[in-house]
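Shown next, in structure tokens, is the structure this report addresses.
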């Protein structure tokens, strides 16, 4: 049934409010990117990246204000820099190990080495997150999730170096989905904004987030296959004989996620809605574009 004029007005007004929230986030991210030109060279990063990140968070958690989304937005931007440095700048395993060790040291409270822009940006994020009351108790969880991301990125680097001689299976690849880094962003978001009910269920939330992360890994791969071929990146479609297998596995994961979201929607409805909206937004977004643009 078509909406009447009042309903259309209200829906458009709500979309406008969320877009304004994204615009505030975009301005903050662009300022951070401008502060670290050695990390975000324009020839490597699409000018729309900041806006895409900010829109993702704003549409996933439209009930938050710009301040509540700031640390998660910044972490996503930082992860893009990390991903580029490991995937395309690192020439040896020693380069990868040096990057990951430096990031873990900063996450644990170390002062970045002089000239370490990646560590400097991470220290900003760490210090902002630490101002929240939940950090004292739950800070170790974000550091553990960051380690998972770094380990997963290093593992994918190894797979890429091995080439066709050691492609992972589809299940090994999905088991390494932490390289997408959505769960670590979610954990940071929950520590920054979480109410006591949310914080008491972080383990359960991470379980569902990891399933969502695997879904997003496949959604991303289905949308970016041609680009991944050009860039010589791994992609789920390269790991199977029949693309139908990837779509079948995606359907299974979506079904599992929906089942996991049912009890979560009763006990932690706001965060169940957040994960559902994250899935829906990303599915629509990757239907037309992706974060890396058309490079």
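The values are calculated or read from the model by the stated rules, or taken from the named source; none is laboratory data. Every value quoted in this text rests on a predicted model; they were computed, and no experiment measured them. Neighbour counts run over all protein chains shown; Cβ positions are idealised from the backbone, glycine included.
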Original post:
Looking at 118, 222, which one is more than 29 Å from residue 32 (Cα to Cα) and over 14 Å from the mean Cα position of the chain (by Cα)?
Top reply: 222
Original post:
Would you pick out the residues in the stretch 259-271 that are without any contact (Cβ under 8 Å) to a residue 60 or more places away in the chain and in contact with a helix residue (DSSP H, G or I) (Cβ under 9 Å, 6 or more places away or on another chain)?
Top reply: 260, 261, 262, 263, 265, 266
Original post:
Looking at 221, 233, which is the one that is in contact with a helix residue (DSSP H, G or I) (Cβ under 9 Å, 6 or more places away or on another chain) and surrounded by fewer than 19 Cβ atoms within 10 Å (Cβ to Cβ)?
Top reply: 233
Original post:
Hey, residue 133 hits all of (1) in a helix (DSSP H, G or I); (2) more than 11 Å from residue 107 (Cα to Cα) but one; which does it fall short on?
Top reply: (1)
**OP:** Report the residue count in the stretch 115-157 for those that are more than 15 Å from residue 190 (Cα to Cα) and at pLDDT 95 or above.
**Re:** 21
Subject >> Residue list for the stretch 61-81, filter: more than 12 Å from the chain's Cα centre (by Cα) and assigned to a helix (DSSP H, G or I) >> reply: 66, 67, 68, 69, 70, 71, 81
Original post:
Within the stretch 100-127, how many residues turn out to be in a helix (DSSP H, G or I) and touching a residue at least 24 places away in the same chain (Cβ under 8 Å)?
Top reply: 11
**OP:** Confirm whether residue 250 is touching a helix residue (DSSP H, G or I) at 6+ places or on another chain (Cβ under 8 Å), assigned to a helix (DSSP H, G or I) and within 17 Å of residue 180 (Cβ to Cβ).
**Re:** yes
Subject >> Condition broken by residue 39, with the remaining ones in (1) outside any helix (DSSP H, G or I); (2) surrounded by fewer than 19 Cβ atoms within 10 Å (Cβ to Cβ) satisfied >> reply: (2)
Original post:
Does the stretch 87-99 hold any residues that are surrounded by fewer than 20 Cβ atoms within 10 Å (Cβ to Cβ) and part of a helix (DSSP H, G or I), and which are they?
Top reply: 87, 88, 89, 93, 94, 95, 97, 98
**OP:** Answer with yes or no whether residue 44 is touching a residue at least 24 places away in the same chain (Cβ under 8 Å) and part of a helix (DSSP H, G or I).
**Re:** no
**OP:** Starting from the stretch 85-98, keep only residues that are touching a residue at least 24 places away in the same chain (Cβ under 8 Å) and on the phi < 0 side of the Ramachandran plot, then list their pairs with residues that are surrounded by 14 or more Cβ atoms within 10 Å (Cβ to Cβ) and assigned to a loop (DSSP other than H, G, I, E, B) whose Cβ atoms are within a distance under 7 Å, requiring at least 6 positions of separation or different chains.
**Re:** 96/90
